[in-house]
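The values are calculated or read from the model by the stated rules, or taken from the named source; none is laboratory data. What you see is a predicted model, and the numbers here were worked out from it, not measured in a lab. Backbone-built Cβ (ideal geometry, glycine too); neighbour counts: all protein chains shown. Note: accessible area is taken over every heavy atom of the protein model, side chains too, but ligands, DNA and RNA are not part of it. Shrake-Rupley method; radii C 1.70, N 1.55, O 1.52, S 1.80 Å.
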Amino acid sequence: MDATQREKVHSGLGFFAALDQSGGSTPKALANYGISRSRYGSEEEMFDLVHAMRARVVTSPAFDGHRVVAAILFEQTMERDLHGVPTARYLWEEKQVVPFLKVDKGLAGEQHSVRLMKPIDTLDELLERANRHRIFGTKTRSVINGADKDGVTAIVEQQFEYGARISSAGLVPILEPEVRTTSPHKDDAEVLLRDALQRHVDALPDDARILLKLTIPTQPGLYASLAADARVLRVLALSGGYSRDEACARLARDPAMIASFSRALLEGLSDEQTDAQFNAELDASIAQIYDASVHKSAPS
């Protein structure tokens, strides 16, 4: 674990940029960016286009370590270059942004109102490549649809099991058990999740280090005790389908969390914009998310 990067992740001012849309979510991300399915005829072409979109974001003068603490990458993005430099190295050496990697392989079918992660069969090989690329940590996502105690328990157990394997490889895991914002039992599910997470964090050794990425809770400060634990470097907030304005307004009310937004970060960006228009829009987005994360100020 790089000590300089660890300190930035733990206490750096700003937020995490989630640039990790994978195969299933890429068409929607491209459509939101103004690139329709008619623009690509294969998966390879699709990933070329989404890499160009991400490259435009990361190389923009608006995007740097003064306001962006870290960036979460998709596996293919890690394997590609920016200006001839491997993406993760470019992020840290040129932008002072700490690189993370999404390592989960999608979701299994729903049971007990949750969707566990599919088995990550290639995890060991992927972690070895991540270390070669100087990745600092990883992210694993699963989904909670309802307030089923058995389901929430299973979600958290799986997250911590994979987290232990990731930590043993020398990387720092972001555990992301997402509670759906549309769940009619969101409040109850969040309390179950908080309690399950606390039990597992309490059982970690003192020198363990993890991050949590969670839906912004209905009750502000619900995860404050987790954020205060020395073993939890940061509690991150996902935007969860909210617009950027709504996500930032909710985040500004929660002192325990900083943003790790994906769609909300890219909202308003378009392939058709000139570089000046694109950079101005991205700068405004970053400024708004930074204010909600650091100054806890909501959009007017």
Inset, instruction - Being farther than 20 Å from His133 by Cβ and without any contact (Cβ under 8 Å) to a residue 24 or more places away in the chain is the filter; apply it to region 2-16 and report the residue that is least open to solvent (accessible area, probe 1.4 Å). - result: Ser11
Inset, instruction - Within region 17-44, work out how many residues are charged (D, E, K, R) and either more than 14 Å from Asp271 (Cβ to Cβ) or crowded, with 16+ Cβ neighbours inside 10 Å (or both). - result: 4
Inset, instruction - Answer yes if at least one residue in region 113-135 is within 20 Å of Arg209 (Cα to Cα), open to solvent by less than 60 Å² (accessible area, probe 1.4 Å) and basic (Lys, Arg), and no otherwise. - result: no
Legend entry - Positions within region 1-33 being over 13 Å from Arg54 (Cβ atoms), of a type in the set (A, V, I, L, M, F, W, C) and at pLDDT 95 or above, in sequence order: Val9, Leu13, Phe15, Phe16
Legend entry - Selected residue (criterion: farthest from Glu7 (Cα to Cα)) from residues of region 41-89 that are in contact (Cβ under 8 Å) with a residue 60 or more places away in the chain and part of a helix (DSSP H, G or I): Met53
Inset, instruction - Within region 17-38, work out how many residues are within 18 Å of Asp104 (Cα to Cα) and not hydroxyl-bearing (Ser, Thr, Tyr). - result: 7
Legend entry - All positions within region 102-118 that are free of Cβ contacts under 8 Å to residues at least 60 places away in the same chain and in contact with a Leu (Cβ under 8 Å, 6 or more places away or on another chain): Leu107, Ala108, Arg115, Leu116, Met117, Lys118
Inset, instruction - Of all residues in region 90-100, count the ones that are free of Cβ contacts under 8 Å to residues at least 60 places away in the same chain and buried (at least 16 other Cβ atoms within 10 Å of the Cβ). - result: 4
Inset, instruction - Test Pro177 against the criterion of being of a type outside the set (Lys, Arg) and in contact with a Gly (Cβ under 9 Å, 6 or more places away or on another chain), and give yes or no. - result: no
